[in-house]
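In what follows, a single structure is set out as structure tokens and then discussed.
The values are calculated or read from the model by the stated rules, or taken from the named source; none is laboratory data. This structure is a prediction, so every number in the text was calculated from the model and none was measured. Glycine also receives a Cβ, built like all others from the backbone with ideal geometry; neighbour counts cover every protein chain displayed. What goes into the accessible areas is simple: the full protein's heavy atoms, side chains included, and nothing from ligands, DNA or RNA. Shrake-Rupley method; radii C 1.70, N 1.55, O 1.52, S 1.80 Å.
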Amino acid sequence: MLGRTARPLAAALAVVAVAVLPRLDVPHVPGGALGARAGAPPPVRSAKGPCVLRADRLVLRGARFRGVVSLRTGTGSVRALKFTVRSMDALNLDLTAGRGRAAMRLRARPATTSTLKGPGTGGVTTFYVRRLTGRVTGLGGSPLPADRTVSVTPDAVPRWLSHPATRTRTITLAAATASQLTQFGGRLSIRGPQLRTTARVPRDT
């Protein structure tokens with residue numbers, strides 16, 4: 001469900017939501033331990049090309065890192081970072097999906113914050129990402145890492161994120177990029193959305 005969105009764009013945004021934020025019926029990984037594998041889940045629908053989320057500031061509220069999981073898609077197995085969040089705020093949201101002339105790009109009005117909220121009261125949203133980059137500017141009151149510029153992948157998970165004693169907290173990243181986003185959910189609110197196709201897509205970094 002999309003809120004604060006002009007009615008004429010509702011249908012178009014629904015189309016891009018399928019392409020940009022494909023919903024995968026992935027079984028829950030018990031324990032969520034770092035390096036855990038999802039066993040042998042059934043094949044799930046693969047994303048239609050690369051999906052990249054960019055934001056000048058990304059705030060993950062009630063965030064918890066659930067580990068590195070193995071997902072089976074229609075094109076084979078992939079490893080991904082699993083997160084759950086209560087809500088997410090993205091300043092200057094920019095979503096791109098696909099390659100070449102089939103690519104679609106969804107941008108929010110400049111200087112606005114888009115919000116994703118989990119379902120119901122206290123609900124959470126689960127998403128999977130292959131790479132998360134940015135500059136850490138907040139860890140819910142915890143000390144910031146010595147190296148604040150991070151590039152988190154299934155093979156490079158920083159201690160401050162993977163420590164087993166870490167509870168849910170607010171994680172804030174500046175100049176954030178979430179690459180190869182393969183599942184997203186919840187209620188997305190966008191101000192002044194702009195949707196277009198493009199022949200050029202920023203590199204998935």
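Scoring L91 on the criteria (1) at pLDDT below 95; (2) open to solvent by 10 Å² or more (accessible area, probe 1.4 Å) leaves a single failure, condition (1). Give region 164-180 a look and list any residue that's assigned to a strand (DSSP E or B) and open to solvent by 70 Å² or more (accessible area, probe 1.4 Å), or say none. A175 - this is the single residue of region 164-180 that is assigned to a strand (DSSP E or B) and open to solvent by 70 Å² or more (accessible area, probe 1.4 Å). Only one of the listed residues (A97, A108) is buried (at least 20 other Cβ atoms within 10 Å of the Cβ) and modelled with pLDDT of 90 or more. That residue is A108. Checking each residue in region 117-151 for being touching a residue at least 24 places away in the same chain (Cβ under 8 Å) and among the basic types (K, R) picks out K117, R130, R131, R135.
Checked across region 141-154, the condition of being among the charged types (D, E, K, R), surrounded by fewer than 17 Cβ atoms within 10 Å (Cβ to Cβ), assigned to a loop (DSSP other than H, G, I, E, B) and modelled with pLDDT under 85 holds for no residue. Of all residues in region 119-140, those that are within 25 Å of R187 (Cβ to Cβ) and open to solvent by 30 Å² or more (accessible area, probe 1.4 Å) total 8.
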